[in-house]
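As structure tokens, the structure follows; a few thoughts come after it.
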Amino acid sequence: MEKTLFNQSDNHHPNKQDTNVQKIVIVGGGTAGWITAAVLSKERPDLSVTLIESQKIGTIGVGEATIPPILDLLNTLQIDLTSFIKATNATFKLGIEFQNWKKVGHSYLHPFGAVGQSNTGLPFYDHWLASTQDQSLNSHQTHALMDYSPAAKMCQQNKFYVPSNAPNTPIEAARYALHFDANLVAKYLKEYAIEKAVEHIDAKVEKVHQQNGIITHLLLDNDNTINGDFFIDCTGFAALLIGQTQGTDFEDWSHMLTVNRAVTFPTKVKNTIPVYTRSVAHKYGWSWHIPLQHRTGNGYVFNSELCDDQTALQTLVKQVGEQPLQPPRFVDFKTGVRPKSWQGNCVAVGLSSGFLEPLESTAIHMITRSIKLLLRYFPTRKSQPVLSSQFNKILYEDYIEIRNFLLLHYALSERTDSEFWLHYQQLKLPAELTFLIDLFKERGALHINSDRLFVNDNWYAIFEGMNIRPRETSSLLSASAQAGMNNLMTGIPSAIDAAVNQLPSHNDFIKRHCGA
Ligand SMILES: Cc1cc2nc3c(=O)[nH]c(=O)nc-3n(C[C@H](O)[C@H](O)[C@H](O)COP(=O)(O)OP(=O)(O)OC[C@H]3O[C@@H](n4cnc5c(N)ncnc54)[C@H](O)[C@@H]3O)c2cc1C
């Protein structure tokens, strides 16, 4: 899943005299606003960047679990990981544990990084599947798929070590991400961006002036006027610029993914800090449990047409088994996307562009993805429809990919214990997802492009986690290649176990290297 977000080639930018886009105005100071400001100030020091946020309105204040590309962002910003982890009370994340998704009492792991390795040119999964069906192998010679995932093994033992610091060991193939405190992240990046000369204004934007599809200036509640060449809408669900002013459509996907409200509250830190996010399915949605160094973040995302607030709160309290440290907070959200997140001289980044439930922690990734694309197609004129069209096309496809991957979790579920789950039994899935599921069930062989966010190993982890396997093995497997792989595969799980046994616990690793 991990890939470089900001390649060298993306860093090329025109000389100042080539462009009439020089003054950038970001509206919004949540995670999206400050990540955007930090990246622009670092990658485009030739631009003048102003960020306007209203402390009175505040931020959404959730969004605390990430996926491995977050490390590319920190790398691009040349942020020291240790200082970032200390400052944001972060912990490490090696995957997600899904409880009760197939049925109540069942659980599985979706780990980060490679699951097994193949030296034949065919996917490891194909060889593994063939090995499970090989009558000549005894039970000591066949293993569960996740026995080949170092990240899964580290999750099982709750151990952590930085994979890239363990070269030539089985651990090397794991990938990791972070859990962090969203408010502390915004604060950290705010200081970073301001130090890099981003101008910060605390005021509410009262009015957005636009002429022929081009935003000209903003009127603030302190009566000041802010001009700009290019505007970045980071106003969250308000979508003040891209929606309310530019009028781009919001494509509602809530008929597919039906959760629309969340209740959240923190509880005290656990003695053993899990090295993964936990997602527990309930009758009307699912709850997340995100461990930080100073507290555990909990939330229940649910369908508010089927479940009232009191029931949702009781479900979460029961699941957590502890009293909230702070009063519960309810948040409404809209599931869907703007097919045109860039219109005229305005681009939406963050919740203003789209949102899908946080089941695979993809929203912050989509912020960095949008900025990467923006840098690649950065305009030199206030309207460049070819560039904005390409940006919109790529981003929209990304959202569709994530939507389909999230739907997979529901589509494979056997739960029928409420109207919420029955919806997924009856839902007509998008045709491309139905086809992928059918293809997998027939032969495996998904062959997802390796530049996608969710690659073969991610899809296989969900299918296997939900106990779905292909009817047939790959037609390309030769007996000799399989025999060679059978030999190789036998020793791998014990090698991973031996390596993981020696690692420090997650708690110890944090305490030793990056305790807040
Ligand atoms: C229930 C839930 C759980 C989530 N969990 C995760 C997760 O685990 N992982 C993940 O990656 N993502 C998650 N997300 C998404 C994540 O929270 C967001 O992507 C992230 O916080 C970015 O939000 P934002 O900056 O776009 O919006 P916000 O945080 O809402 O910020 C909007 C900003 O705009 C400002 N603003 C608005 N109107 C005006 C105005 N008129 N004038 C001036 N300023 C204005 C506000 O003051 C604020 O600063 C979750 C989202 C929800 C709803």
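FYI, it's all coordinate maths here, none of it is from the lab. Computed from a predicted structure; not experimentally measured. Because the Cβ atoms are built from the backbone with ideal geometry, glycine has one as well, and the counts that use them run over all protein chains shown.
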What is the packing order of peptides 261-267, 183-189, 504-510, 443-449, taking the mean over residues of other C-beta atoms within 10 Å and listing the highest first?
261-267, 183-189, 504-510, 443-449
Sequence-distant or interchain residues sharing an amide H contact under 5 Å with Gln210, placed H: which?
Thr216
For the chain, Rg(Cα) over 2.2 N^0.38 Å is 0.99
Alpha carbon centroid spacing (whole Å) that separates segment 457-479 from segment 419-453:
13
Using alpha-carbon positions, what is the distance between the centroids of segment 81-141 and segment 261-309, in Å?
22
Taking 0.36 nm per intervening residue step and subtracting the Cα-Cα distance, what contour gain separates Lys428 from Gln141 on full extension?
99.3 nm
Any lysines whose Cα falls less than 30 Å from that of Lys23, other than same-chain ones fewer than 8 residues away, would be Lys42, Lys56, Lys187, Lys190, Lys196, Lys204, Lys207, Lys340, Lys372, Lys382, Lys393
When the Karplus curve 6.51 cos²θ - 1.76 cosθ + 1.60 is applied with θ = phi - 60°, which whole-Hz ³J(HN,Hα) does each residue of segment 302-311 get, with x for Gly and Pro?
9, 8, 6, 7, 9, 9, 7, 4, 5, 5
Can you list residues whose amide H is under 5 Å from Gly95's amide H, if they're 5+ apart or on another chain and H is modeled 1.01 Å from N?
Phe112, Thr277
Contour excess over end-to-end distance, with Cα ends at Leu219 and Glu397 and 0.36 nm allotted per residue
60.6 nm
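Report, please, the projected area of segment 261-332 averaged over directions, based on the convex hull of its C-alpha atoms, in nm².
The orientation-averaged projected area of the Cα hull of segment 261-332 comes to 4.5 nm².
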May I ask you to evaluate 6.51 cos²θ - 1.76 cosθ + 1.60, the Karplus curve with θ = phi - 60°, for each residue of segment 257-274 and list the ³J(HN,Hα) values in order in whole Hz, giving x for glycine and proline?
9, 9, 6, 8, 8, 9, 10, 9, 7, x, 10, 5, 5, 7, 4, 9, 7, x
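Go ahead and run the numbers for FRET between Lys270 and Lys103, Cβ-Cβ distance against an R0 of 25 Å, rounding to 0.05. Let's see the in-between values first.
Values: r = 26 Å, r/R0 = 1.05.
Given R0 = 25 Å and the Cβ-Cβ separation, E is 0.45.
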